[in-house]
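Report on the structure given below.
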Amino acid sequence: MNSNIIEKLHFINISTEEFSIFDWKPPGIFKSNVLDLNIVKENMATDIFFHIYKGNEKIVHIRKDNLIYTIGTSTEVQFQILEALLEKVHEEFHEIYDIKTIFSHSNVSTAIFKNFANNVDEIVSKLNELNLIQKVDVYCTVCQKTLPLFIKKSIMKSATSFPVPIVYNHQGHAIVCYIDQNFIVRGVELVNTTG
């Protein structure tokens, strides 16, 4: 998997509708992501991942438990990896903090979440060891080569039928890959896309 993911991450943010409560950036990244966070607040659906291509950056966000989790990275990182990272961040954040109780007080300082940066550092540095992602190889008839496709394992756990279709956008076209519960590729076909 992307062993050097830390070099490709731009930010991880957790926010409410009103303000950011936690912002993490890898060393050497100072860019503000305020405008990106305003864009993600426009999607009101919960428990659905949204993907945004923004120049040389990919952004993934999801609303869960009245919070918005957002991650930004360079374009070469696959969306499934970013989704898996956000799922893990959400899981650990809610294990540590009782958000409902914390925000029931009127004068909450976001400084109480500052130490969560240590958790994010550990999640990012141990991503390969966390066993959140499965790599499969798919053949693209357009590229005429085998490509690595990273799939978050939680998709298979929540799937109601198999094979699971995964759309892989790359190099200006897309393929749909049918993956069974054992992460075996059962079919690949070129798909037409629109936007």
Exercise for review: Name the one entry in Phe113, Phe162 that is aromatic (Phe, Trp, Tyr) and surrounded by 15 or more Cβ atoms within 10 Å (Cβ to Cβ).
Suggested key: Phe113
Practice item. Kindly indicate whether Val108 is more than 17 Å from the chain's Cα centre (by Cα), modelled with pLDDT under 95 and β-branched (Val, Ile, Thr). Key: yes
Revision key, fill the gap. When the range 24-50 is checked residue by residue, the ones that are within 19 Å of Leu82 (Cα to Cα) and either of a type in the set (Gly, Ala, Ser) or touching a Leu at 6+ places or on another chain (Cβ under 9 Å) (or both) are Trp24, Lys25, Pro26, Ile29, Ala45, Phe49
Exercise for review: Please name all residue pairs, on different chains or six or more residues apart, with Cβ atoms under 9 Å, provided the first residue is in the range 152-168 and is at negative phi and the second residue is small (Gly, Ala, Ser).
Suggested key: Lys152/Ala84; Lys153/Ala84; Ser154/Ala84; Pro163/Gly187; Val167/Ala174; Tyr168/Ala174
Point to revise | Subset of the range 131-150 (residues that are in contact (Cβ under 8 Å) with a residue 40 or more places away in the chain and surrounded by 15 or more Cβ atoms within 10 Å (Cβ to Cβ)) | key: Leu132, Ile133, Gln134, Val136, Val138, Cys140, Leu149, Phe150
Review point. Just one of Thr110, Thr101, Thr141, Thr73 is touching a helix residue (DSSP H, G or I) at 6+ places or on another chain (Cβ under 7 Å), more than 20 Å from Ser154 (Cα to Cα) and not hydrophobic (A, V, I, L, M, F, W, C); which is it?
Key: Thr73
Check your understanding: Looking at the range 46-53, is at least one residue of a type outside the set (S, T, N, Q), assigned to a strand (DSSP E or B), surrounded by 13 or more Cβ atoms within 10 Å (Cβ to Cβ) and not assigned by TED's automatic domain parsing to the domain that holds Ser154?
Key -> yes
Practice item. Looking only at the range 95-105, decide whether some residue is outside the structural domain of Ile184 (by TED's automatic domain parsing), within 17 Å of the chain's Cα centre (by Cα) and not hydrophobic (A, V, I, L, M, F, W, C). Key: no
Check your understanding: Taking Glu42, is it surrounded by 10 or more Cβ atoms within 10 Å (Cβ to Cβ) and either assigned by TED's automatic domain parsing to the domain that holds Tyr97 or of a type outside the set (Phe, Trp, Tyr) (or both)?
Key -> no
Practice item. Give the range 72-96 a look and list any residue that's surrounded by fewer than 18 Cβ atoms within 10 Å (Cβ to Cβ) and assigned to a loop (DSSP other than H, G, I, E, B), or say none. Key: Thr75, Glu76
Point to revise | Test result for Asn107, polar (S, T, N, Q), over 27 Å from Pro27 (Cα atoms) and without any contact (Cβ under 8 Å) to a residue 12 or more places away in the chain | key: yes
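The values are calculated or read from the model by the stated rules, or taken from the named source; none is laboratory data. All of these numbers come straight from a predicted model, not from anything done at the bench. Positions of Cβ are generated from backbone atoms using ideal geometry, with glycine treated the same way; all protein chains shown enter the neighbour counts.
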